[in-house]
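Have a look at the structure below before the remarks.
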Amino acid sequence: MRPAALPLGSLLLFVLLWQLLAASGTWSETLVPPPARVWDAFVDVSTIHDGIRGYNGTTLVEHLGISLRRIAFGAGIGVVAGVVFGLLMGTVGWVRSLFEPWITFLRTLPPLAYFSLLVIWLGIDEEPKVTLLAVAAFPPVAVSTTTAVAAVPKHLVEAARALGASRWAVVRDVVVPSALPETLTGVRLAVGVAYSSLVAAELVNGLPGIGGMVKDAANYNNTPVVLVGIIAIGLSGLIIDGLLLRLERVAVPWRGRA
C-alpha cells in the first residue's frame, strides 16, 4: 500500500500546512485563502448557484474540456510534425544541418515571446491558440526523435540492408522501433510543454477555457478560483501523463530490459 499511502500522506500534510498558514493571519485571505474557501469556489464553478452557471456561464468541466480540446489539436499537430522532422533529420544529414538551428532557436523561445505575433497574424479566435500549442510541442518531439534515430545501432541497419531490405523497410522495421522509446519520451515532454503554455495560449479571448478562467479570475483578485483552475490543470496533466506513460509501457515493453 506504500505507493498509494505516500502520495496521500503528502497531500494531507500539504493541506494541513496550508490551513495552518491561512489561519495564522500572516497574509490576508485574498492572498492565501483557506482550503474551505477554495472548496466553496470549486463547488461554485462546477454547479449552478444563485442562477449563475459555473464561471462566466460555463462550468469547470466545460472550461477544462475546451482547453483539453485545444491542447489535443495543438499538441497533436506539433507531435506529428516533430516525429516527421525528427525522422528526416536523423536519417538525412543535410536536412538536419538545415533545420536543427531553427528548431533550437524555436525551443529557446518562451511562448509569450511570439504569442502576440500570432494574434496579429491569425486574429483572436482559435487559430493563434492552437498554433501556439503546436509550436510549443514541436521542438521536444523533433529533438528527441532526431537524437534517437541518430543513435540507432549501425550494425542493425547494415544487417537489414545485407538481407535485402529497402531503405523504407530499414526505416520501418529497424529505425522506428529502435527510436520509439525516446520518441515517446519526447511526446510526454511535448504535452507537458503544451500544458505549461496553456494559460499563455488563452490570454486573449480565452473564455471559455481553463486558462482563460484563471486569467480572468486573476484580473479580479479572485484567488480561490485561480487556485481551482491551477489545481484542475495540474490534476488533468497528471492523468494525461499517466496515460502516456501507460501507452509507452504497452508500446515499448522491451524498454529497460537487456
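Every read-out reported here was derived from the displayed coordinates using simple, explicitly stated rules and does not represent laboratory data. Note that the structure is a prediction, hence the values are computed from the model and not measured. Cβ atoms come from the backbone with ideal geometry, glycine included; neighbour counts cover every protein chain shown.
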Extension reserve of the ILE124-TRP39 stretch, reckoned as 0.36 nm per residue once the Cα distance is removed: 27.3 nm
Using the charge dipole of the chain (Lys, Arg: +1 at Cβ; Asp, Glu: -1 at Cβ; taken about the Cα centre), state which of ILE52, ALA136, LEU64 has its Cα farthest towards the positive end. ALA136
Is the C-alpha gyration tensor of region 1-90 telling us rounded, prolate or oblate? Criteria: a/c under 1.5 is rounded; beyond that, a/b larger than b/c is prolate, otherwise oblate. oblate
Tell me which of ILE239, ALA81, ASN205 sits at the most positive position along the dipole axis of the chain, charges placed on C-beta atoms (Lys, Arg +1; Asp, Glu -1). ALA81
Once phi for every residue in region 129-138 is put through the Karplus expression 6.51 cos²θ - 1.76 cosθ + 1.60 (θ = phi - 60°), the whole-Hz ³J(HN,Hα) values, with Gly and Pro written as x, are 5, 5, 5, 4, 5, 5, 5, 5, 7, 5
By the mean-Cβ-within-10 Å protection proxy, highest first, 147-157, 243-253, 218-228, 4-14 rank as 218-228, 147-157, 243-253, 4-14
Extension gain (nm, one decimal) between LEU21 and LEU6, 0.36 nm per residue minus Cα-Cα: 3.2 nm
Is there a quick way to get the dipole size of the chain? I mean about its Cα centre, with the Cβ of Lys and Arg at +1 and of Asp and Glu at -1; what is the value in debye to the nearest 20? 1040
Please state the charge dipole magnitude for region 100-230, taken about the Cα centre, from unit charges on C-beta atoms (+1 on K and R, -1 on D and E), reported in debye and rounded to the nearest 20. 400
Given Cα pairs under 8 Å that are at least 6 residues apart, what percent is the relative contact order of the chain? 23
Treat each spin label as a single point 7 Å out from the Cα along the C-beta direction, and report the ASP241 to LEU117 distance in nm. 2.9
Roughly how many debye, to the nearest 20, is the charge dipole of region 16-90 about its Cα centre, given +1 on each Lys and Arg Cβ, -1 on each Asp and Glu Cβ, and no other charges? 300
Selected from TYR195, SER178, VAL119, residue furthest toward positive end of dipole (region 88-230; charges at beta carbon): SER178
Measuring from the longest principal axis of the C-alpha atoms of the chain, the long axis of helix 223-251 (C-alpha) lies at a number of degrees, nearest 10, equal to 30
Determine the gain in length on full extension of the stretch TRP94-ALA81; use 0.36 nm per residue of separation and subtract their C-alpha separation, reporting nm with one decimal. 2.9 nm
What FRET efficiency do you get for ASP50 and ASN219 if R0 is 30 Å and r is their Cβ-Cβ distance, rounded to the nearest 0.05? 0.90
